[in-house]
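One structure below.
Read-outs: derived from the displayed coordinates by stated rules, not from any lab. Computed from a prediction, not measured in an experiment: that's the story for all the values here. Neighbour counts are summed over all protein chains in view; Cβ atoms, including those assigned to glycine, are modelled from backbone coordinates with ideal geometry.
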Amino acid sequence: MPQTLAVQSHQAVCLITLQRPQALNALSTELLAELATELERCTHDDTIRAVVLTGSRKAFAAGADLNEMAERDLVGMLNDPRQAYWQRITGFAKPMIAAVNGYALGGGCELAMHADILIAGEEAQFGQPEINLGIMPGAGGTQRLLRAVGKSLAMQMVLSGEPISARRALEAGLVSEITPPELTVERALQIATTIASKAPLAVRLAKEALLKAQDLDLASGLRFERHAFTLLAGTADRNEGIRAFQEKRPARFNGQ
Ligand code: CAA
């Protein structure tokens, strides 16, 4: 049983809630380890087709656990087990939606940005305040933030340490929708349920292709897209999807 997470199944969607209220969901080693393990369980469970990750009304996550960080010197950071947990978390291949309320700061903002889709409550705040501590983002903050919001706003956030509001995050393209805080999880579950009803192989390859757009030049990205598109022609779900359209009935995808 995880100590720092609550896990609930909503049919084909797994809802994972970060639960360290005493530290505003700061990402302790234990929390990262439990999250990595839970996501791997979701990976191996064919009945789970999407994940929603959330925190509390006050905090999605307030960053790395600063009490733990205070105990690590340079050698401790070089051997930091959290790096391996982050890698396991960011390797998750099924669709993930972050439902963000309250503070998403430092590692908390980086964790939210790892999700494929971000839905934010109106009072959410996104920030990379590491500079206030004499450090800098270390779990994707400089790389993913710049790709999400562009150079000027990413520089402003990382170099000043000042957070942005949910509305600013929406304008900048960091989040795709904002909701009243009490509806954020519900909206994320709705979107995840819609995605979970689609053909899993198509969802997986579409996600992979979209992520490649951030890393590859256009010609390589288009090549990957064409290969993935062609590969799907060999799936039973593709035949079912087209047949269901012709027969004017909902498709029944089975992941093959
Ligand atoms: N680590 C450990 N504990 C934390 C924490 C953190 N990141 N953030 C908050 N807490 C704890 C506080 O110490 C406090 O505990 P006590 O009640 O025992 O004192 C409790 O959570 C509530 O916090 P506050 O009293 O500070 O609440 P607030 O509403 O006044 O302020 C806040 C909220 C603005 C988020 C403030 O807590 C804050 O600035 N937290 C630190 C944010 C931060 O700097 N994050 C970046 C960390 S570095 C990082 O993330 C790098 C990385 O991953 C690679």
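For the reader, a short list of remarks on this structure follows.
- Rg/Rh ratio calculated on Cα atoms of the chain (Kirkwood radius): 0.99
- Scaling against 2.2 N^0.38 Å puts the C-alpha radius of gyration of the stretch 72-203 at 1.11.
- For His10, the residues whose modelled amide H falls within less than 5 Å of its own, excluding neighbours fewer than 5 places apart on the same chain, are Leu15.
- Residue-averaged [θ]222 nm for the chain, counting only DSSP H segments that reach four residues, each worth -39500 (n - 2.57): -14500 deg cm²/dmol
- Using Cβ point charges alone (K and R +1, D and E -1), the dipole size of the stretch 10-51 about the Cα centre works out to roughly 160 debye.
- Residues Ser28, Ser165 arranged by fewest to most Cβ contacts within 10 Å: Ser165, Ser28
- Alpha carbon centroid spacing (whole Å) that separates the stretch 129-158 from the stretch 28-99: 19
- Taking only the Cα atoms of the stretch 200-246, the ratio Rg/Rh comes out at 1.07, with Rh defined as the Kirkwood radius.
- In the stretch 66-111, inverting the average of 1/r over every pair of distinct C-alpha atoms gives 12.7 Å as the Kirkwood radius.
- Linear extension gain, His44 paired with Gln190, 0.36 nm per residue minus alpha-carbon span: 50.3 nm
- Between Gly76, Gly91, Gly241, the Gaussian network model of the chain with springs among Cα atoms under 10 angstrom shows the greatest mean-square fluctuation at Gly76.
- Placing +1 on the Cβ of every Lys and Arg and -1 on the Cβ of every Asp and Glu, with nothing else charged, gives the chain a dipole about its Cα centre of roughly 960 debye.
- For a straight C-alpha distance cut-off of 25 angstrom, the lysines reachable from Lys198 (same-chain residues fewer than eight places away being disregarded) are Lys94, Lys207, Lys212, Lys248.
- Going by neighbour counts of Cβ atoms within 10 Å, the residues Phe60, Phe126, Phe253, Phe245 line up, fewest first, as Phe245, Phe253, Phe126, Phe60.
- The value of relative contact order for the stretch 5-196, using C-alpha pairs under 8 Å at least six residues apart, is 22 percent.
- Note on the chain: antiparallel DSSP beta bridges, both residues inside, total approximately 25 percent of the bridges counted.
- Structure remark: mean-square fluctuation, Gaussian network model of the chain, C-alpha springs under 10 Å; the largest value among Gly221, Gly108, Gly63 belongs to Gly221.
- Part-to-part distance (alpha-carbon centres) for the stretch 4-22 and the stretch 200-223, which is given in Å: 29
- Between the beta carbons of Ser197 and Leu222, assuming R0 = 30 Å, the FRET efficiency works out to 0.60 to the nearest 0.05.
- Based on Cα atoms of the stretch 1-112, Rg over Rh with Rh as the Kirkwood radius reads 0.97.
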